[in-house]
Structures are given as structure tokens and as C-alpha cells.
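Notes follow once the structure below has been shown.
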Ligand SMILES: [Zn+2]
């Protein structure tokens, strides 16, 4: 499915909100998304540059809800592949 997401121009990570009550920030904390899939909302701090994107994820709203509810946090934040801080365990299927 397609989800609305925000790519941070500073840390290059992409964040999206999984559920209505999910508040998620990018790696550097400048971009904050909320509102879930239906009520997508975002905030930009420190006049950071950003891009609104629609990304394709192979997930369902139920999976995203469970990920949020159980604090698994596998989804909602896509770290930049070029970042030196990228953990090797973070593999994202988009
Ligand atoms: Zn950032």
C-alpha cells in the first residue's frame, strides 16, 4: 500500500505515522509525523529541509498497528542507506 511519509533533508531518513496515535520522529529529530495513515500530519523543526513522499510498503494497516501497539518499531522509520550510522540489522522492504 502507499503511505505518505516525510523525508528529512538533514538526516535523510524517511518517517511515517503508523496509527492515529503514533508520533514518530526522524533520526535527527527535526521531522515529526503523526496522525496515522488517514490523518497524516507533520511538523518541521529548526526550518529543516524536507520532502513529502508517497512510499510503497508491503504492509497492511493491521501490521502497522501491531508494530506500534507492541512497540516493535520495525516500521515507520526508514534510515538512510548512505548514513554511516545505519545499523546492519535495519533492512527495510519497501
Ligand atoms: Zn532528520
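The values are calculated or read from the model by the stated rules, or taken from the named source; none is laboratory data. Predicted model, so just to flag it, every value in this text is computed and none were measured. A quick note on method: Cβ atoms are made from the backbone with ideal geometry, for glycine too, and the neighbour counts reach across all protein chains shown.
Each residue in region 1-32 was checked for being within 11 Å of the ligand (Cβ to nearest atom), in a strand (DSSP E or B) and closer than 19 Å to residue 72 by Cβ, and 3 of them qualify.
Checking each residue in region 23-40 for being buried (at least 18 other Cβ atoms within 10 Å of the Cβ), at pLDDT 95 or above, under 18 Å from residue 69 (Cα atoms) and more than 10 Å from the chain's Cα centre (by Cα) picks out only 36.
Considering region 58-71, and only residues there that are without any contact (Cβ under 8 Å) to a residue 12 or more places away in the chain and either part of a loop (DSSP other than H, G, I, E, B) or in contact with a helix residue (DSSP H, G or I) (Cβ under 9 Å, 6 or more places away or on another chain) (or both), the residue that is surrounded by the fewest Cβ atoms within 10 Å (Cβ to Cβ) turns out to be 71.
What about residue 55, is it touching a residue at least 60 places away in the same chain (Cβ under 8 Å) and more than 9 Å from the ligand (Cβ to nearest atom)? Lay out the reasoning, then the answer.
Numbers: touching a residue at least 60 places away in the same chain (Cβ under 8 Å): no; more than 9 Å from the ligand (Cβ to nearest atom): yes.
Taking the combined requirement at face value, the residue does not satisfy it.
From 46, 42, grab the single residue that is within 15 Å of the ligand (Cβ to nearest atom) and assigned to a strand (DSSP E or B). Break it down stepwise before answering.
Values: 46 fails: assigned to a strand (DSSP E or B).
Just one listed residue meets the conditions, 42.
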